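Novice: My questions will all concern the structure given below.
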Amino acid sequence: MRNALSVDIEDWFQVGAFETVIDRNSWNSRECRVEKNTDNVLALFDDANVKGTFFTLGWVAERYPELIRRIVDAGHEIASHGYGHDRVFNFTPGQFADDLERSRKLIEDAAGVAVTGYRAPSFSIDQRTPWAHEILAEQGYTYSSSVAPIKHDHYGWAEAPRFAFFPVAGSDFLEIPVTTAQFGPKRLAAGGGGFFRLLPYAFSHWAINQVNRRDGRPAVIYFHPWEIDPDQPRVANAPIKSKIRHYTKLGVMAEKLRRLPRDFQWERLDSVVAREKLRLAG
Ligand SMILES: [Zn+2]
């Protein structure tokens, strides 16, 4: 069973958890660490001989086109994470379409290859955005990995399927949600972010095993370049809960990530998507 390892490329000051305390107008004057951190992720993948999918902000592609090129040259998939990390449910359908077009153009110009995958910032495709998948399909995307089928304080669409599904009638456009684990009657978040970093590695290992063996499905795991950067600037006035989530265990994250390729097989999400489409169609 081959699983998908994905990276959401955004800088430490662009994360959803800090949006109430970091003014967007200050982004241009902040210390950018995303290029160096993403290069460190590339080195880590290279050491482990892993290919993955990098969902990048258009904002990052605009400033660091060579970084986007290096990702593609290393054999990874480049995909879109929107332009400026706006949540989809805060957009009108027209604004969402514009954001998709703007970010895709910037990423494709930098990458020199077509972008066919999308991940919504903060998993913000849910019951509030019944038009989102249709717009993605209309724009020629082949898949999205934007749904967290779970109840969480910042995101989640608890009623959504746990595994890949066709959200648009008459289209083979695929939604492949991030991984959850079923524990008795409870669905647990197990796709990454804080859960992978904060909980013991044994939990993630158990969850991926469950998904692969009991459910017979590939896992979709994600993390961020800032999660392997213990020296990033600290946001002093952020809510305490956000600070705990953001800053805990940054120093052990790289070592945890190195364990994943020893224990499981990984590949680009577009390859996993192609296999899931065949399975669902057959
Ligand atoms: Zn993000």
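So that you can scan it fast, the table gives a plain yes or no per residue for (1) charged (D, E, K, R); (2) touching a Lys or Arg at 6+ places or on another chain (Cβ under 6 Å); (3) at pLDDT 95 or above:
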position: L188; (1), (2), (3): no, no, no
position: R197; (1), (2), (3): yes, yes, no
position: A207; (1), (2), (3): no, no, yes
position: N212; (1), (2), (3): no, no, yes
position: Y222; (1), (2), (3): no, no, yes
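Novice: Can you tell me which of G112, G75, G94 is without any contact (Cβ under 8 Å) to a residue 24 or more places away in the chain and either over 14 Å from V7 (Cα atoms) or more than 13 Å from the chain's Cα centre (by Cα) (or both)?
Specialist: One residue alone meets the criteria, G94.
Novice: For the list (1) within 21 Å of F54 (Cα to Cα); (2) touching a residue at least 60 places away in the same chain (Cβ under 8 Å); (3) among the hydrophobic types (A, V, I, L, M, F, W, C), I need the number of the one condition that V235 fails.
Specialist: Going through the list (1) within 21 Å of F54 (Cα to Cα); (2) touching a residue at least 60 places away in the same chain (Cβ under 8 Å); (3) among the hydrophobic types (A, V, I, L, M, F, W, C), V235 breaks only (1).
Novice: With the requirement that a residue be closer than 18 Å to V273 by Cα, assigned to a loop (DSSP other than H, G, I, E, B) and among the hydrophobic types (A, V, I, L, M, F, W, C), what does segment 126-172 give you?
Specialist: Of everything in segment 126-172, those that are closer than 18 Å to V273 by Cα, assigned to a loop (DSSP other than H, G, I, E, B) and among the hydrophobic types (A, V, I, L, M, F, W, C) turn out to be V147, A148, A160, F163, A164, F166, V168, A169.
Novice: Out of the residues in segment 177-186 meeting the condition of being at pLDDT 95 or above and either under 22 Å from K249 (Cβ atoms) or surrounded by 24 or more Cβ atoms within 10 Å (Cβ to Cβ) (or both), tell me which one is farthest from the chain's Cα centre (by Cα).
Specialist: Checking each candidate, the answer is T180.
Novice: Looking at A164, A132, which is the one that is aliphatic (A, V, I, L, M) and out of contact with any Asp or Glu (no Cβ under 7 Å at 6 or more places or on another chain)?
Specialist: Step by step, each of A164, A132 is checked, and only A132 is aliphatic (A, V, I, L, M) and out of contact with any Asp or Glu (no Cβ under 7 Å at 6 or more places or on another chain).
Novice: Let me ask another. Tell me which residues, restricted to segment 239-265, are within 16 Å of the ligand (Cβ to nearest atom) and either of a type in the set (S, T, Y) or assigned to a loop (DSSP other than H, G, I, E, B) (or both).
Specialist: Passing the criteria: only S242.
Novice: Only one residue in A74, A110, A61 is crowded, with 23+ Cβ neighbours inside 10 Å and more than 16 Å from the ligand (Cβ to nearest atom), so which one is that?
Specialist: Values: A74 fails: crowded, with 23+ Cβ neighbours inside 10 Å; A61 fails: more than 16 Å from the ligand (Cβ to nearest atom).
Every option except A110 fails the conditions.
Novice: Conditions first: (1) part of a loop (DSSP other than H, G, I, E, B); (2) crowded, with 22+ Cβ neighbours inside 10 Å; (3) modelled with pLDDT under 95. A236 passes all but one, so which condition is the exception?
Specialist: (2)
Novice: Name the single residue that is farthest from the ligand (Cβ to nearest atom) among those in segment 113-135 being closer than 16 Å to I176 by Cα and of a type in the set (G, A, S).
Specialist: Of everything passing the filter in segment 113-135, A132 is farthest from the ligand (Cβ to nearest atom).
Novice: Okay, moving on. With over 26 Å from P239 (Cα atoms) and surrounded by 15 or more Cβ atoms within 10 Å (Cβ to Cβ) as the only criterion, which of R162, R214 stands out?
Specialist: Details: R214 fails: surrounded by 15 or more Cβ atoms within 10 Å (Cβ to Cβ).
After ruling out the rest, the residue left standing is R162.
Novice: Between V252, V273, V235, which is more than 13 Å from T179 (Cβ to Cβ), within 17 Å of the chain's Cα centre (by Cα) and aliphatic (A, V, I, L, M)?
Specialist: Sole residue among the options that is more than 13 Å from T179 (Cβ to Cβ), within 17 Å of the chain's Cα centre (by Cα) and aliphatic (A, V, I, L, M): V273.
Novice: How about segment 1-44: which of its residues are outside any helix (DSSP H, G or I), away from the ligand (no atom under 16 Å from the Cβ) and under 19 Å from the mean Cα position of the chain (by Cα)?
Specialist: Correct list: R2, N3, A4.
Novice: OK, next. What's the number of the condition S122 fails, among (1) within 25 Å of E267 (Cα to Cα); (2) in contact with a helix residue (DSSP H, G or I) (Cβ under 6 Å, 6 or more places away or on another chain); (3) without any contact (Cβ under 8 Å) to a residue 60 or more places away in the chain; (4) surrounded by 18 or more Cβ atoms within 10 Å (Cβ to Cβ)?
Specialist: Of the numbered conditions (1) within 25 Å of E267 (Cα to Cα); (2) in contact with a helix residue (DSSP H, G or I) (Cβ under 6 Å, 6 or more places away or on another chain); (3) without any contact (Cβ under 8 Å) to a residue 60 or more places away in the chain; (4) surrounded by 18 or more Cβ atoms within 10 Å (Cβ to Cβ), the odd one out for S122 is (3).
Novice: What's the total number of residues in segment 114-143 that are more than 13 Å from S171 (Cα to Cα) and either small (G, A, S) or touching a Pro at 6+ places or on another chain (Cβ under 8 Å) (or both)?
Specialist: Of the residues in segment 114-143, 7 are more than 13 Å from S171 (Cα to Cα) and either small (G, A, S) or touching a Pro at 6+ places or on another chain (Cβ under 8 Å) (or both).
Novice: Out of the residues in segment 79-99 meeting the condition of being of a type in the set (A, V, I, L, M, F, W, C) and in contact with a helix residue (DSSP H, G or I) (Cβ under 7 Å, 6 or more places away or on another chain), tell me which one is farthest from the ligand (Cβ to nearest atom).
Specialist: My answer is A97.
Novice: Can you name the number of the only condition in (1) more than 16 Å from the ligand (Cβ to nearest atom); (2) touching a residue at least 12 places away in the same chain (Cβ under 8 Å); (3) part of a helix (DSSP H, G or I) that E227 fails?
Specialist: (1)
The values are calculated or read from the model by the stated rules, or taken from the named source; none is laboratory data. What you are looking at is a predicted structure, and each value in this text was computed from that prediction instead of being measured. Backbone-built Cβ (ideal geometry, glycine too); neighbour counts: all protein chains shown.
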